[in-house]
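See below for the structure under consideration.
The values are calculated or read from the model by the stated rules, or taken from the named source; none is laboratory data. As the structure is a computational prediction, the values presented were derived from the model and not from experiment. Please note: Cβ atoms are built from the backbone with ideal geometry, for glycine as well, and neighbour counts cover all protein chains shown. Side chains are part of the model used for accessible areas, which takes the heavy atoms of the whole protein and leaves out ligands, DNA and RNA. Shrake-Rupley method; radii C 1.70, N 1.55, O 1.52, S 1.80 Å.
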Amino acid sequence: MGGHNVFAESGDGGNTWRSIMNGLPKFEEGLGRIGLGIAPNDSSRIYALVDSPKLGGLYRSDYAGESWQRINTDDRLWGRGDDFACVRVDPKNKDTVYVAN
């Protein structure tokens, strides 16, 4: 697995890997630190707090990481991604997210 495949998954215990970056910024676009939060009541819902100069923000996947969409660009959420990249999902409501910045 190359150093630029930030998110990857394996279905065979780690023998092979495939990139799951569809919709996330690429390394060439200034991708920095990423914080992940998985909904405890729906493991298909994943949030990613992404540090990137032009494409930073909060991203969401409803498909266990297969594809992502940016749902919030407010730099108050991700602007200190080099220090903080913490995102947590409420255990009872997968639509409620907490971030530390």
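Select from region 18-41 the residues that are open to solvent by 40 Å² or more (accessible area, probe 1.4 Å), out of contact with any Ser or Thr (no Cβ under 6 Å at 6 or more places or on another chain) and part of a loop (DSSP other than H, G, I, E, B) and list them in ascending order.
Matches in region 18-41: K26, R33, P40, N41.
Can we say R70 is open to solvent by 80 Å² or more (accessible area, probe 1.4 Å) and either among the β-branched types (V, I, T) or modelled with pLDDT of 90 or more (or both)? Give the derivation first.
Details: open to solvent by 80 Å² or more (accessible area, probe 1.4 Å): yes; either among the β-branched types (V, I, T) or modelled with pLDDT of 90 or more (or both): yes.
Considered against the rule, which asks whether it is open to solvent by 80 Å² or more (accessible area, probe 1.4 Å) and either among the β-branched types (V, I, T) or modelled with pLDDT of 90 or more (or both), R70 comes out as yes.
Residues checked against (1) open to solvent by 50 Å² or more (accessible area, probe 1.4 Å); (2) among the aromatic types (F, W, Y); (3) more than 25 Å from R18 (Cα to Cα):
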{"position": "I46", "(1), (2), (3)": "no, no, no"}
{"position": "G56", "(1), (2), (3)": "no, no, no"}
{"position": "Y63", "(1), (2), (3)": "yes, yes, no"}
{"position": "E66", "(1), (2), (3)": "yes, no, no"}
{"position": "D74", "(1), (2), (3)": "no, no, yes"}
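Restricting to region 60-76, give me the number of residues that are over 16 Å from L31 (Cβ atoms) and in contact with a Leu (Cβ under 6 Å, 6 or more places away or on another chain).
2
Filter region 73-94 down to the residues that are part of a loop (DSSP other than H, G, I, E, B) and of a type in the set (D, E), then identify the one that is modelled with the highest pLDDT. Break it down into steps so the answer makes sense when it comes.
Pass one, region 73-94, residues part of a loop (DSSP other than H, G, I, E, B): 73-74, 79-85, 90-94.
Filter once more, so that each one left must be of a type in the set (D, E): 74, 82-83, 90.
Values: D74: 90, D82: 61, D83: 66, D90: 97.
Only one residue fits best here, namely D90.
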